[in-house]
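Structure first, commentary second.
Please treat every number below as a calculation from the coordinates, not as lab data. Just so you know, these numbers come straight off a predicted model, no measurement behind them. In this analysis, Cβ positions are derived from the backbone assuming ideal geometry, glycine residues included, and neighbour counts consider all displayed protein chains.
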């Protein structure tokens, strides 16, 4: 049997060790502060990593969305989605071949305005095979319009068209390029 004074000494050592451990925690640790917890606008409702989502229409897979990180802010003004490490969208034909795609280093979606902003190495391909290269692109879902004021290059089969700014329908099959220049091969 252990004497009482040894039990009390052991309990005292445990309490001291716990006090030292708790006391050694600093405010610089990466734990959420009380201010961050009470500011719901700055906290995402949902945070997902390595997202791959398939969307089907009438039982046929039509779209795939990939993102390394997806944040949903339901209490921000306006509510939004943020993709800080980029996004990739692909549209499939009936045989699951990619017929159109869109990729960007960063993306943000304003839920109220139904407006996507994609920036950083934006690459798109429409279902006609035209390839678009720009640094920033907006997709206005309400008005079914895609546009940019940034420099753009469009690669068609044998043509490269450049400009500053463009407007397009949301499938990017009909578009107008502003301040254009480019190389168009002419056969004799």
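Subtracting the Cα-Cα distance of residue 77 and residue 159 from 0.36 nm times their residue separation leaves 25.2 nm of extension gain.
If you find the alpha carbon centre of segment 38-100 and of segment 159-175, how far apart are they in angstrom? With segment 38-100 and segment 159-175 each reduced to a Cα centre, they are spaced 24 Å.
For the pair residue 127 and residue 56, label points projected 7 Å from Cα toward Cβ lie 2.0 nm apart. Let me know the shape class of segment 76-148, please: from the alpha-carbon gyration tensor, a ≥ b ≥ c as square roots of the eigenvalues, rounded when a/c is under 1.5, otherwise prolate if a/b is greater than b/c, or oblate. Taking the square roots of the gyration eigenvalues as a ≥ b ≥ c, segment 76-148 is prolate.
Remark: the Cα gyration tensor places segment 42-183 in the oblate category, a/c being 1.5 or greater and a/b not exceeding b/c.
The simple spin-label model puts a point 7 Å past each Cα toward its Cβ; for residue 171 and residue 93 those points are separated by 1.4 nm.
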